[in-house]
Amino acid sequence: MEGVNTKWIATVASIWIQISVGASYTFGIYSSILKSSQGYDQSTLDTVSVFKDIGANAGILSGLLYSAVTLRNNRRRLGVFGGPWVVLLAGAIQCFVGYFVMWASVVGLIRRLPVPVMCFFMWMAAHAQTFFNTTNVVSGVHNFGDYGGTIVGIMKKNGLRSRADGDKCVVRAKGRSKLGYVRAVDVQELPVEKALPN
């Protein structure tokens, strides 16, 4: 039996990562709390949201880091600090710091942040998503070179469609889930007309 470092284990792990890293897609859920706790008007909230969008779509740094730590010559030189896990770690740190600082400001743990600082932390939190996307998609393409289009489709489908999007669908879980976690296979997307009671 092969070790746990197979391309299939990496693919399953990548799918689970893609499913769970969509916090920027849920901005509509927490934006009202951000707006009221920070005393923002709609225009200021829109500015913060623009930085979220820029962060989530500007993946140049993640691509550069991925190339730097995964190229064969660099991996030998970097030793244990080479490989895709470095990019995932960089994304996880960015995500945690960005959302933690925003949360701390919202709940009053720290004083209200000036708008440019809040925009920076929103950008940082959303920018983390590009690190996860880059690592998962590029690793999948490397692992399944002959099926590159298929693996990109799988990764992006699981990354986008499995995240809650309250404007377009209502998500219903089959059965009960512990601690609020719902397995991806237990989630169904229903048309809004069928999901809402009359």
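The values are calculated or read from the model by the stated rules, or taken from the named source; none is laboratory data. Here the structure is a predicted model, which is why all the values come from computation and not from measurement. Just the protein is used for accessible areas: all its heavy atoms, side chains included, with ligands, DNA and RNA removed. Shrake-Rupley method; radii C 1.70, N 1.55, O 1.52, S 1.80 Å.
Here are a few things to note about the model shown:
- Protein-only accessible surface order, largest first, of I19, I110, I60 at 1.4 Å: I60, I110, I19
- Length released on extending from V141 to K156, taking residue separation times 0.36 nm less the Cα-Cα span: 4.2 nm
- Phi to ³J(HN,Hα) by Karplus 6.51 cos²θ - 1.76 cosθ + 1.60 over the stretch 114-131, Hz, x for Gly, Pro: x, 4, x, 5, 4, 4, 4, 5, 5, 4, 4, 5, 6, 5, 4, 4, 5, 5
- Average accessible surface for the stretch 24-73: 57 Å² per residue, computed with a 1.4 Å probe over protein heavy atoms with every protein chain in place.
- When the residues T47, T150 are ordered by accessible surface, computed with a 1.4 Å probe over the protein chains alone, the sequence from largest down reads T150, T47.
- Accessible surface ranking for C119, C95, 1.4 angstrom probe, highest first: C95, C119.
- Mean accessible surface per residue for the stretch 96-138, computed with a 1.4 Å probe while every protein chain stays in place, in Å²: 44 Å²
- For the stretch 82-98, 3J(HN,Hα) per residue [Karplus equation, 6.51 cos²θ - 1.76 cosθ + 1.60, θ = phi - 60°, Hz, x = Gly/Pro]: x, x, x, 4, 5, 5, 5, 5, 4, x, 5, 5, 4, 4, 4, 4, x
- To the nearest 10, the accessible area of F100 is 90 Å² with a 1.4 Å probe.
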